[in-house]
Amino acid sequence: MGTLLVRHAEVLVTMGGEEIEDGGLFARDGWIEQVARTAELPEEADEMVDLSGHVVLPGLVNTHHHLYQTLTRVVPGAQDAGLFDWLLTLYPIWAGMTPDHVRVSTRLGLAELALSGCTTAFDHHYLWPNGSRVDDQIEGAAPVGVRFHVSRGSMSLGRSEGGLPPDSVVETNDVILEDSRRVVDLFHDPSPGSMTQVVLAPCSPFSVTTDLMEETAELARDLEVAMHTHLAETADEEEFCLGRFGRRPVEYMEDLGWAGPDVWYAHAVHVAEDEVRRMGHSGTGVAHCPTSNMRLASGLAPVSRYLEAGVGVGLGVDGSASNDASHMMGEVRQALLLNRLGVSPGIGEGPQMTARQALGLATVGGAGVLGRDDIGRLAPGMCADFIAYDLNRVDFAGALHDPVAAVVMCAPVTVDHSWVGGRKVIESGQLIGVDTASLVREHNRLAATLV
């Protein structure tokens with residue numbers, strides 16, 4: 001790849017405590033070697049980029065998504081439902097997905113994420129109808145150029161056995177575990193700077209058997225891959241766990257071996273104070289999904305208490321049928337605003353989250369939740385994953401008082417430039433590796449076959 005020199009950024013935010021005016025970075029073969037003021041950097045490189053008038057940030061990290069749900073945005077019967085009714089409306093539609101649906105929706109969702117500043121994305125895909133496989137997601141993701149943490153998700157507890165999903169979309173434990181091992185063997189790359197990693201991710205306590213949760217944890221630790229599941233998203237789930245297992249969701253997970261630095265939960269809204277402390281002690285992480293939690297009226301996650309207790313917190317846009325967007329910087333802003341609502345008089349107490357703290361959730365926070373120490377900051381030895389916003393845009397007019405806060409508070413629609421591992425992914429607001437117009441046409445054609 002050679003060397004890359006970025007110069008003259010209005011401000012470069014390292015997310016390691018520095019905001020460098022007239023800043024830049026020097027990278028070699030996709031790895032950062034120097035971050036400093038422009039005058040302190042080398043004068044020559046194979047590729048030289050002038051980012052005068054831009055804010056430069058580490059690429060954003062998405063820790064929870066369901067990319068296939070781009071196919072079922074704003075379905076009328078699910079627009080005003082809580083989680084369980086929302087799922088019951090959509091399960092029969094999702095059961096019609098084919099490999100083409102999975103491949104194209106993965107590409108569309110990742111393209112949308114990339115345009116919003118995301119350079120690393122985790123996707124939680126847990127139903128595989130009509131011959132669809134993780135392989136289809138891998139194929140769909142490749143042209144976009146972002147780092148992809150893909151999951152071998154699963155559902156094994158059908159309605160006939162007391163679960164929520166219809167029996168037509170669940171699999172047997174043996175099939176799930178065998179394919180989980182296959183997918184890890186084929187696609188998981190644990191090396192520094194890897195573009196693809198695999199996570200084992202049973203869907204939730206109300207769609208997976210106790211045996212599968214335990215066996216998945218054993219397999220994941222044998223294969224040395226991370227584990228993820230939905231947990232404590234709604235009060236209904238708490239009632240389900242108490243009624244079926246005699247334990248609250250977090251305690252149930254802990255008893256099954258689902259706690260530790262290799263585990264993170266999506267949502268974790270309805271969690272008691274003592275459970276928060278235990279999560280901090282065990283190193284278990286959380287994917288905070290503020291828009292989805294509001295959209296489905298699920299509740300307000302105790303993010304401030306998580307951070308105080310040392311729980312790792314990242315951000316997730318969640319499914320495109322429960323958001324209904326895949327806008328990563330928009331989720332940063334939403335996390336900020338929801339926190340401020342949560343500490344408003346009569347609702348809660350505590351300090352307001354700052355724009356920089358919200359950015360921290362989406363960068364270093366997300367990297368930590370995914371178990372990566374090579375992304376999330378701009379520093380020597382880190383991957384050259386970074387994004388740039390041009391301050392000479394309508395979105396930022398009058399915002400030069402604090403350009404860093406502006407990228408959160410002023411709600412920019414797209415990022416102007418993005419690099420992943422030193423490779424240009426977005427230039428002047430346009431994806432380089434994907435014909436988005438053709439992609440949208442193909443995606444909409446496939447979506448019409450489902451609904």
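Conditions (1) in a helix (DSSP H, G or I); (2) assigned by TED's automatic domain parsing to the domain that holds LEU67; (3) not hydroxyl-bearing (Ser, Thr, Tyr), marked per residue:
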{"residue": "THR106", "(1), (2), (3)": "yes, yes, no"}
{"residue": "THR119", "(1), (2), (3)": "no, yes, no"}
{"residue": "ASN130", "(1), (2), (3)": "yes, yes, yes"}
{"residue": "ASP136", "(1), (2), (3)": "yes, yes, yes"}
{"residue": "VAL150", "(1), (2), (3)": "no, yes, yes"}
Tell me yes or no: at least one residue of region 273-288 is among the basic types (Lys, Arg), at pLDDT 95 or above and assigned to a helix (DSSP H, G or I). yes
Restrict the check to region 288-310 and report whether at least one residue is more than 30 Å from ASP416 (Cβ to Cβ) and of a type in the set (Val, Ile, Thr). no
Under 9 Å between Cβ atoms, which residue pairs at least 6 apart in sequence (or on different chains) link something in region 141-156 that is within 19 Å of PHE206 (Cα to Cα) with a partner that is charged (D, E, K, R) and part of a loop (DSSP other than H, G, I, E, B)? SER154/GLU171; MET155/GLU171; SER156/GLU171
(1) at pLDDT 95 or above; (2) over 18 Å from THR229 (Cβ atoms): which one isn't true of ASP167, the others all being true? (1)
May I ask you to say which residue of ARG244, ARG182, ARG248 is touching a residue at least 60 places away in the same chain (Cβ under 8 Å) and basic (Lys, Arg)? ARG244
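With respect to VAL408, determine if the residue is part of a loop (DSSP other than H, G, I, E, B) and of a type in the set (A, V, I, L, M, F, W, C).
When the stated conditions are applied, VAL408 does not pass them.
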Residue ranges of helices (runs of 4 or more DSSP H) in region 152-260 with at least 1 members surrounded by fewer than 17 Cβ atoms within 10 Å (Cβ to Cβ) and of a type in the set (Ser, Thr, Tyr): 210-223
Taking interchain pairs and intrachain pairs at least six residues apart, which have beta carbon atoms under 7 angstrom, with the first residue in region 350-377 and under 24 Å from VAL263 (Cβ atoms) and the second among the acidic types (Asp, Glu) and assigned to a loop (DSSP other than H, G, I, E, B)? GLY371/ASP262; ILE375/ASP385
Expected single match for in the same structural domain as LEU164 (by TED's automatic domain parsing) and surrounded by 14 or more Cβ atoms within 10 Å (Cβ to Cβ) among ALA9, ALA81 is ALA81
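The values are calculated or read from the model by the stated rules, or taken from the named source; none is laboratory data. In this text, all values refer to a predicted model and were calculated from it rather than measured experimentally. So basically every Cβ, Gly included, is an ideal-geometry build from the backbone, and we count neighbours across all protein chains shown.
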